Every structure is written in C-alpha cells, then in structure tokens.
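The values are calculated or read from the model by the stated rules, or taken from the named source; none is laboratory data. On a predicted model such as this, the values are computed, not experimentally measured, just so you know. We place every Cβ from the backbone using ideal geometry, glycine too, and count neighbours over all the protein chains shown.
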Amino acid sequence: MSAARKHKRVAASQPGFLSFQSSADNSELGAGRKKRVNKNKKKSWNKHSDIQDVEEFLEDVRLQERATGGLIADKPDESLFFLDIGETKKKEIVPTGEEENKRRKIQRPLKVDLILQPNSHIPAPKDILAHQQPNAKKLRRKEEQAEHLAAKGVVSRRERLLGLRRAAYAAGTPVREKPVANNNPERGYYDLWGEQPVETRDGFYLEQTKKKLVKRPEKLNEKPSELPAIEVIAPGGSYNPDFFSHQALLQEAHDVEVKKVKAEDRLEKQLAVNRQDLATEEDTFKEQIQGLLEEEEGEEEEKDVTGETAEDEEDTGVVPSAQQEKKTEKQRRKEKADKIKEQERMTARVVTGKRQQLFQLRSIKLELKKRETRTHLRQSQRKINQLAEKTQPRRLGRLKFQTPDLEVQLSDELAGSLRRLKPEGNLLKDRFKSFQKRNMIEPRERAKFKRRYKLKYSEKRAFKAVT
C-alpha cells in the first residue's frame, strides 16, 4: 500500500471531516486496478508513485481555508446553521427623505468596493521586511554607546552644536532672512536702467545652480604692465620736428648703437687668442722628441730606485702600533670637574655681559635707530624697484625681450611735409613687440623650417621636361 493512499485514508477517516468534492469522484479514482511495478529503486518511486489523492486532499483543505477561514469540521454549529423562525416584526419607523438617504449610504456599500473586497479569509502574511531597518545593528550599537557616554556625562559633538544653536537663537542672534517673493507688492522697486542690478533671488539658490558669478580675484584686475597700449613717439620723430628735439632723438639712437658696439667689442676681446699662449719653435721641438728618450731614462730610474729601496729596508724597522691606554678613575673625575668649571665660567661670563649691557644703553639705542633707518631706506628702495619693474618686460620664457630699434630719420632724410614722408617700420611688428613689452605674450622667434627627409630627384624621359 502506497504512502499517499495511506495518508488519504487516515485523513478521510478522521471524524467530522467534510470534503468539498463529490464522493463519486473519489470512487472513480480508486476504481481501476493499477499495474504492479517494481519499487525497489528510488527511480521507480518517483516514476510510479501516485500522489494525486494527496494533492486533491490538500487542495480541498486550502479551498476550505480560503472560503471559510478554516476547516468546516472545526467550525461550531452556530456558524454553519441557523434557526429559521420567520421574519421578525420590527418597530415601524417612517424615516424622512434625508434620513433614508443617509441610512442607505451607510448600510449599502458601493458595488466597486464590493468587487475590490478580498474573498479569502486567510490573513495576509506578515511583512518581515517592514519591521527591519537598514544598519539596525550599527544604529543599536550607536545608541548603546550614546547612553553609555551620557551616563558618564560626556556630550556628543552633534548635541553640543545643537545646544549652542539653541542658545544663540534664545539670545536673539539674527537669523538668515528669507528672500522677498516676486509677487510681493511691498518688494523694492527694480530699476531697469540702473547701474547696479538688484538681485531678487536667493543667493544660495544662485550659487548652487551656477547662475551667480564667482568673485573675481583682485589679482586678475591688475594689469600685467603699467605701460600704455600705444606709446607716443618723442617730438623728434615728427615729419617736421624741431631742430633740438630731433638732435635729442638722434643722440638717443646714437647711444643705443654705441652700447651695441661696446658689447660686440667686449665679446671679441673675451674670445680673442692670447699671443703668449701660442707655441714657439722650442716647444714644438720638445713635443716632437718627447717619446724618443723614454727607454734610457727608464733604465736609469730603475737602477736608482733599486739602490734606494735596499738602503731604506736596512734603516727602517717595524714600529708597533700604539694602543690607547685606559683612563683611571682619578683622570675621569678630573675631566668631569674641569668640564663643570668650564660651564660655570661660561655662565658667569654671560651674566657679566648682560650686566655690562646696562651701561651701553645709549650706544644700543643709537644702533637700533641706525638699523631702523637702514630698514626704512631698504623698504623705500624696494618699493621704487617694484614700481620700476611694473614698466619693464618680465622674463616669461626662455628668450629675453629685445628692444626694437628706434625709428628715426637723419637730418638729410627729413621730408618736411606729409606728402613726401617715407614710412618707417611695420605696424604688425610694432603691435607684436608692444604685446611682448607689456607682458601679454612671451618673447618668441620665428620657427625655422627643417626638412625631415631629403629631397629625391628623379629624371623624366618626357621631351617636355627637357630644357
């Protein structure tokens, strides 16, 4: 007899068990005789075991639990049966129209609500996740630690800051005011043509939405150089200049050329060859015969060296290495006493020097005054140098700024009128040099073209290529 059939028989044999299925179905299930199979292996158990009757029994139990909230056999008789004694006569009350409508609304639910009502009497399963919290163990440990610290009288940083904030609020500290709404009629008047725009929105909102400009650093407002963008040439550079102003401009150009010539002469002198360093005929001859007399001189030196070494070996003897002797207790005590005396002497000397300084107050005051004046002079000189550096080109790259040549005409080249004036210099070069002089771009030189590969020449046989 199979286990499923036995389980069904035991369940059905219990007193008071009522099945929702008909007895005819149950009789039909067990009517036919089953084929006998060998069940000595587990594979045959799974293949030939019939558990249909157990599944039907369990489905019947689940159906009773859904429909009635439990097994019908366990229900009391009062919940299954009632005594029909006819209609009870109630006290006839004639309700008004409004009361009748209210009563009907209260007693009769809507059809939509009736459809949505659950038809199962089984309670919903308990949601375990609803009672769980993320990091519950960590939070519980923090609470226990906070209680432990509170018992000792230690206040956490968060509570301390909260207490300070409450104290400040109680003391009347000004709180951040809320921005005035745009639709508030009492807000300030906005001048469309005013110089300073009035910000009507919250500053914090503008900062977070990147609509408020970042405060510009003061250093960016400073110009890289105090020089003007367009420098006015000296009066001597006019097309019809005064004689003295023109001579002054010529003298300035002459000084620039003299400095260049002196720099070139200095460089030539430094690179010039000294005549005394030149080789003479005697030096040349010595250099030529330098390797010819090496063998004879070497043999004589060997003889002299062998004779001297033999004499030295006879005279010299083995000298034992000197070892440092160990100091006695008396010597150590004496060294210690001398060290203490030296320290006392140095301390007394320092004290005496401080006492002597009392009689040197006048000289010390004079020295301090001289030092202060020297410091003020250095500060003023440093400020002057800083102001002068603002008008000078700085070193921005590997190249130094080269001052362009002065655009000046000689006395015989003066035209005297704009119609016959010859232009000097180039406008683009002048603007480029002005950028470099005002520290806006670094000094640079023209890039040199360097061919990477050599040119390849090929002869053509076409008659058109022959010239």
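One residue stands out in the range 157-180 among those that are surrounded by 10 or more Cβ atoms within 10 Å (Cβ to Cβ) and within 23 Å of G203 (Cα to Cα): the one that is modelled with the highest pLDDT, namely R165.
Which residue pairs have Cβ atoms closer than 8 Å, lie 6 or more positions apart in sequence or on different chains, and pair a first residue in the range 437-457 that is exposed (fewer than 10 other Cβ atoms within 10 Å of the Cβ) with a second residue that is in a loop (DSSP other than H, G, I, E, B)? Every condition considered, the pairs that remain are E445/L399.
Which ones in the range 198-223 are hydrophobic (A, V, I, L, M, F, W, C) and modelled with pLDDT of 75 or more?
Passing the criteria: F204, L206, L213, V214, L220.
Selection of helices (runs of 4 or more DSSP H) fully inside the range 62-156 by the criterion of at least 1 residues being among the hydrophobic types (A, V, I, L, M, F, W, C), exposed (fewer than 10 other Cβ atoms within 10 Å of the Cβ) and at pLDDT below 75 returns 97-107.
Each row is one residue, and each column tells you yes or no for (1) without any contact (Cβ under 8 Å) to a residue 40 or more places away in the chain; (2) over 25 Å from K390 (Cβ atoms); (3) not aliphatic (A, V, I, L, M).
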{"residue": "L227", "(1), (2), (3)": "no, no, no"}
{"residue": "A234", "(1), (2), (3)": "yes, no, no"}
{"residue": "D242", "(1), (2), (3)": "yes, yes, yes"}
{"residue": "L250", "(1), (2), (3)": "no, yes, no"}
{"residue": "V258", "(1), (2), (3)": "yes, yes, no"}
{"residue": "V261", "(1), (2), (3)": "yes, yes, no"}
{"residue": "R266", "(1), (2), (3)": "yes, yes, yes"}
{"residue": "L278", "(1), (2), (3)": "yes, yes, no"}
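Any idea which of K448, K433 is within 48 Å of the chain's Cα centre (by Cα), charged (D, E, K, R) and not in a loop (DSSP other than H, G, I, E, B)? Exactly one residue qualifies, and that residue is K433. One residue is enough: does the range 394-416 have a residue meeting the conditions out of contact with any helix residue (DSSP H, G or I) (no Cβ under 9 Å at 6 or more places or on another chain), assigned to a loop (DSSP other than H, G, I, E, B) and under 24 Å from A248 (Cβ atoms)? Yes, the range 394-416 contains at least one residue that is out of contact with any helix residue (DSSP H, G or I) (no Cβ under 9 Å at 6 or more places or on another chain), assigned to a loop (DSSP other than H, G, I, E, B) and under 24 Å from A248 (Cβ atoms).
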